[in-house]
Amino acid sequence: MRQLCIIGRDRSSLDIVAGTEGRIELEGQDVRFGVIETPDLTFDPDLDSNAEKVFIRVRAFSCNYRDRALILAMVRSNRTSNYYVVGSEFVGEVLATGRAVKDFKPGDRVIADGAFPESGDPAVAPGLPTNHGSRELQILHRRKLIKIPSAVSDELGGAFTIGAQTSYSMVRRLQLQKGDRVLVAAAKSNTSLFAIAALKSLPVRVYALSTSRRHEERLLDLGVDGLFTVDPSRPGWSQSIPLSDQQDDVAGPFDAIIDPFADIYLGEIVKVMAQGGRYITCGIADQHSSLLGDESPILPIDASGFAISMMVQNLTVMGNCLGQTSDLQAALDDFATGRLALPQPTRVTALDPKTFFEQTYLQPGRFGKVTCHYE
């Protein structure tokens, strides 16, 4: 079976597929990679240990922002191990199932179910089923998979789980009301694109926050009513966002904010929230400075100023990690019925991993995800 790997210092024992070995520079680090061949997994459906397991063949996969830190951690460990298999998301085809599995059958297409904080089975860990989504053959518990409709292509399926499950969870938890003004920060990030698309079908006004106007027309097409650009490296950047108490103005203050990068925006963004507003975040941007021994380029949050804003404005501040199975199913249902319009990911073949990594991590103008396919 094949798998896309970060290659360590000792590569002598690796069976690397011809033409797939290469390197990129990521955060100043030399990252070597390649598609390697390893013995196929075998699956016995009659074993008791496999009763609730599903044997799948991965058709396409993608790397998420979290993979970036995992890749850098591998590189900074002096790469003493042979290889590290990448991939947070995947779409696969069911090859076989255990005796107790009734909800999947051979031929079904599936993606990961990262249900969190509960998986639906006390014996099964919550969260993403693997950090090695490019491993071509996988054996996973049935609770870690969900079937996808034919409307979801392999291109989209290979980059669906995290953005969909996270964004639908955040929208649900914000308890939005008709007429609410919602601001989505880091608008070009994958999670934010999912959130904007999910909000389009609700009776709310949606605004986007970004560091540039690149792709402004595409954001407007997704359902954004207005785009604000800021430079988060400058103190006081929130003052550039227009505020008004008139409901028909294209401006804040905002009743709800969705923010995928709390370390960049949280300290300032609370200053543009309405009385009783709700803020929710699902991550941080700087996941690598500590790995590299660098100083973070992000402005520190003024804890006192943040606390004052939170108290005076009676704000609710929430953290969010992934979501429930029902959130992911709702996203799949909405896409199948045309209620969720998403940008189509860029398709790259696994025989060209250099292009995959470059477009995933080194292309600032990218809009949407990049999926890597086994042909």
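Among the residues of segment 256-270, how many are of a type in the set (Asp, Glu) and surrounded by 21 or more Cβ atoms within 10 Å (Cβ to Cβ)?
The qualifying residues number 2.
May I ask you to list pairs of residues, at least six apart or on different chains, whose Cβ atoms are under 6 Å apart, with the first in segment 44-59 being over 10 Å from residue 94 (Cα atoms) and assigned to a loop (DSSP other than H, G, I, E, B) and the second being among the aliphatic types (A, V, I, L, M) and open to solvent by 20 Å² or more (accessible area, probe 1.4 Å)?
45/96; 51/100; 52/100
For segment 82-132, what are the residues that are charged (D, E, K, R), open to solvent by 20 Å² or more (accessible area, probe 1.4 Å) and under 11 Å from residue 54 (Cβ atoms)?
Those that are charged (D, E, K, R), open to solvent by 20 Å² or more (accessible area, probe 1.4 Å) and under 11 Å from residue 54 (Cβ atoms): 93, 103, 105.
Table: residues versus (1) of a type outside the set (A, V, I, L, M); (2) open to solvent by 20 Å² or more (accessible area, probe 1.4 Å); (3) more than 30 Å from residue 366 (Cβ to Cβ); (4) modelled with pLDDT under 90.
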residue: 34; (1), (2), (3), (4): yes, no, no, no
residue: 41; (1), (2), (3), (4): no, yes, yes, no
residue: 48; (1), (2), (3), (4): yes, yes, yes, no
residue: 53; (1), (2), (3), (4): yes, yes, yes, no
residue: 57; (1), (2), (3), (4): yes, yes, no, no
residue: 61; (1), (2), (3), (4): yes, no, no, no
residue: 64; (1), (2), (3), (4): yes, yes, no, no
residue: 68; (1), (2), (3), (4): yes, yes, no, no
residue: 71; (1), (2), (3), (4): no, no, no, no
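Among the residues of segment 331-375, which ones are farther than 22 Å from residue 202 by Cβ and aromatic (Phe, Trp, Tyr)?
Step one: of segment 331-375, the residues farther than 22 Å from residue 202 by Cβ are 344-367, 369-375.
The answer is 356, 357, 361, 367, 374.
For segment 245-267, which positions are acidic (Asp, Glu), modelled with pLDDT under 95 and either under 13 Å from residue 279 (Cβ atoms) or not in a loop (DSSP other than H, G, I, E, B) (or both)?
263 - this is the single residue of segment 245-267 that is acidic (Asp, Glu), modelled with pLDDT under 95 and either under 13 Å from residue 279 (Cβ atoms) or not in a loop (DSSP other than H, G, I, E, B) (or both).
Yes/no matrix, rows are residues, columns are (1) closer than 20 Å to residue 296 by Cβ; (2) in contact with a helix residue (DSSP H, G or I) (Cβ under 6 Å, 6 or more places away or on another chain); (3) of a type in the set (S, T, N, Q):
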site: 184; (1), (2), (3): no, yes, no
site: 189; (1), (2), (3): yes, no, yes
site: 201; (1), (2), (3): no, no, yes
site: 214; (1), (2), (3): no, no, no
site: 218; (1), (2), (3): no, no, no
site: 234; (1), (2), (3): yes, no, no
site: 265; (1), (2), (3): yes, no, no
site: 276; (1), (2), (3): no, no, no
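I'd like the full set of residues that are open to solvent by 10 Å² or more (accessible area, probe 1.4 Å), under 15 Å from residue 319 (Cβ atoms) and in contact with a strand residue (DSSP E or B) (Cβ under 7 Å, 6 or more places away or on another chain), limited to segment 166-200.
Selection gives 173 alone.
Tell me which residues, restricted to segment 98-118, are touching a strand residue (DSSP E or B) at 6+ places or on another chain (Cβ under 8 Å) and touching a residue at least 24 places away in the same chain (Cβ under 8 Å).
98, 101, 103, 104, 108, 109, 110, 111, 112, 113
Taking the condition assigned to a loop (DSSP other than H, G, I, E, B) and in contact (Cβ under 8 Å) with a residue 40 or more places away in the chain, does residue 123 pass?
Answer is no for this residue.
Only one of 26, 4 is touching a Phe, Trp or Tyr at 6+ places or on another chain (Cβ under 8 Å) and within 29 Å of residue 97 (Cα to Cα); which?
On inspection, the qualifying residue turns out to be 4.
Looking at the structure I just gave you, is residue 75 within 27 Å of residue 344 (Cβ to Cβ) and either open to solvent by 10 Å² or more (accessible area, probe 1.4 Å) or at pLDDT 95 or above (or both)?
Criteria not met by residue 75.
Filter segment 1-21 for residues that are in a loop (DSSP other than H, G, I, E, B) and touching a strand residue (DSSP E or B) at 6+ places or on another chain (Cβ under 7 Å); which is most open to solvent (accessible area, probe 1.4 Å)?
Among them, the one singled out is 21.
Please go through segment 133-146 and pick out each residue that is open to solvent by 40 Å² or more (accessible area, probe 1.4 Å) and among the β-branched types (Val, Ile, Thr).
Of segment 133-146, the ones open to solvent by 40 Å² or more (accessible area, probe 1.4 Å) are 135, 139, 142-143.
Of everything in segment 133-146, just one residue is open to solvent by 40 Å² or more (accessible area, probe 1.4 Å) and among the β-branched types (Val, Ile, Thr), namely 139.
The values are calculated or read from the model by the stated rules, or taken from the named source; none is laboratory data. The model shown is predicted, which means the values in this text are computed figures rather than measured ones. Every residue, glycine as well, gets a Cβ built from its backbone with ideal geometry; the counts of neighbours run over all protein chains shown. The protein model used for the area step is the full one, side chains on, heavy atoms only, and it has no ligands, DNA or RNA in it. Shrake-Rupley method; radii C 1.70, N 1.55, O 1.52, S 1.80 Å.
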